[in-house]
């Protein structure tokens with residue numbers, strides 16, 4: 001005798017419904033006694049449904065024509081109560097329309113014609129149990145996979161936070177190296193990074209773009225590391241040749257970071273941060289939307305921060321004066337849409353960003 005068991009080691013359970021008691025006896029003789037499964041036999045669809053509500057069955061077989069609830073109606077109910085059960089119709093009607101109706105209507109695992117061949121019927125039932133086991137195991141594996149994916153997502157989120165933290169530490173280290181040489185603009189890089197991040201969000205840019213713009217603003221002057229101290233630290237005005245050398249810092253900066261993959265479009269911001277909306281900037285004379293959006297954002301907040309910060313040759317200008325200058329240069333030096341977005345940010349919020357940088361640096365000193 002072939003005994004069928006499920007994944008828990010328990011015997012498989014089967015429900016057979018037929019209104020003819022002799023057919024039920026034949027099924028018990030031909031299938032149940034030879035397969036060793038746990039079988040429950042019912043004389044009507046209504047009785048079968050009551051049994052179905054009290055327990056799970058891997059395989060459900062039913063006669064087609066029965067008084068009261070038909071076999072098709074019963075199987076349709078089975079699909080709602082126990083969708084994982086393999087459903088088999090046993091019938092003496094073998095015409096094509098009936099077959100099509102059954103397959104399209106209730107989603108059968110198989111059909112068996114009466115009178116059945118005992119060996120063939122046992123084969124169908126055995127395959128139905130295997131189908132049910134595979135379906136249940138697939139659901140269990142899918143649930144476990146979903147759980148592992150969730151755990152992996154949590155782990156990845158933690159790793160991403162750590163990578164972000166270390167990335168910012170690295171970038172701040174690079175800007176600190178520059179600050180040691182160019183003390184006149186100390187804190188400037190950190191302020192414009194915060195300003196640029198806020199303005200990028202104001203413009204509704206994607207999170208990856210916002211991150212790249214923040215990084216690009218932080219590193220915008222990193223190329224000054226390649227400029228001679230005699231030029232970078234010169235107290236007086238620069239000559240034309242010295243200005244030509246100073247303007248190379250954008251290209252120097254790009255070369256320094258061009259092979260760092262995680263910086264993404266931050267590299268373009270470093271290269272293009274002195275380009276102008278009207279095409280009169282450097283190093284490539286780009287115009288309008290040829291300039292990366294991050295560089296267009298940077299141009300606005302860089303000018304704002306320069307005007308509202310103390311310089312050796314003048315005191316900081318007021319917010320109102322800086323705004324007037326941005327409006328005056330709107331459409332020539334600056335992208336008009338970017339200027340408008342910056343002016344939409346409350347003055348108090350901009351002031352708070354500035355205070356955040358000052359407080360952080362005070363805590364490090």
Taking residue 341 as meeting all but one of (1) crowded, with 18+ Cβ neighbours inside 10 Å; (2) within 25 Å of residue 249 (Cα to Cα), write down the number of the exception. (2)
Find all pairs meeting these conditions: Cβ atoms under 6 angstrom apart; at least six residues apart or on different chains; first residue within region 251-262 and within 20 Å of residue 285 (Cα to Cα); second residue at pLDDT below 90. 252/223; 252/226; 253/222; 253/223
Among the residues listed as 204, 158, the single one being over 26 Å from residue 284 (Cβ atoms), modelled with pLDDT under 90 and surrounded by fewer than 13 Cβ atoms within 10 Å (Cβ to Cβ): 158
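Output the strands (runs of 3 or more DSSP E) that fall wholly within region 14-126 and possess 3 or more residues being crowded, with 17+ Cβ neighbours inside 10 Å and modelled with pLDDT of 90 or more, or say none.
Numbers: elements: 38-42, 59-63, 86-91, 110-113.
It comes to 38-42, 59-63, 86-91.
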Among the candidates 291, 260, residue that is modelled with pLDDT of 85 or more and more than 23 Å from residue 187 (Cα to Cα): 291
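The values are calculated or read from the model by the stated rules, or taken from the named source; none is laboratory data. Note that this is a predicted model, so its numbers are computed, not measured. So basically every Cβ, Gly included, is an ideal-geometry build from the backbone, and we count neighbours across all protein chains shown.
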